[in-house]
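Throughout, read-outs are computed from the coordinates displayed, never taken from laboratory work. The model shown is predicted, which means the values in this text are computed figures rather than measured ones. Methodologically, a virtual Cβ is constructed for each residue, glycine included, from the backbone with ideal geometry; neighbour enumeration extends over all protein chains shown.
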Amino acid sequence: MSQKISLKAARVNANLTIKQAAEALNVTDKTIMNWESGETDMNATTFMRLCELYQFNPSDIFLPKSLT
């Protein structure tokens, strides 16, 4: 089993700031921060868009909470 990385690490590895990621996904900076900290969940479609933006396989990313 390979080690998973966090959403924040995936974003940083993609060389994106919170602001850049938020703009690309048409959400607020706070939304990105909430996803990264596990304060709020995202739906599966949004998670797939995020993985595409960050160029990561969904199975390589650790989520603090389950998707809703």
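Taking the Cα centre of the chain as reference, the dipole from Cβ charges on Lys and Arg (+1) and Asp and Glu (-1) amounts to some 80 debye. Here each label is just a point 7 Å from Cα along the line to Cβ, and for ASP29 and ALA44 those points are 3.3 nm apart. For region 5-58, the relative contact order is 35 percent, taking Cα pairs closer than 8 Å that sit 6 or more residues apart in sequence and dividing their mean separation by the residue count.
Calculated FRET efficiency, ASN15 to ASN57, Cβ-Cβ distance, R0 = 22 Å: about 0.75 to the nearest 0.05. What's the percent breakdown of Cα-Cα distances in the chain across 10 Å bins, shortest bin first? Percent of Cα pairs in each bin: 22, 64, 14, 1.
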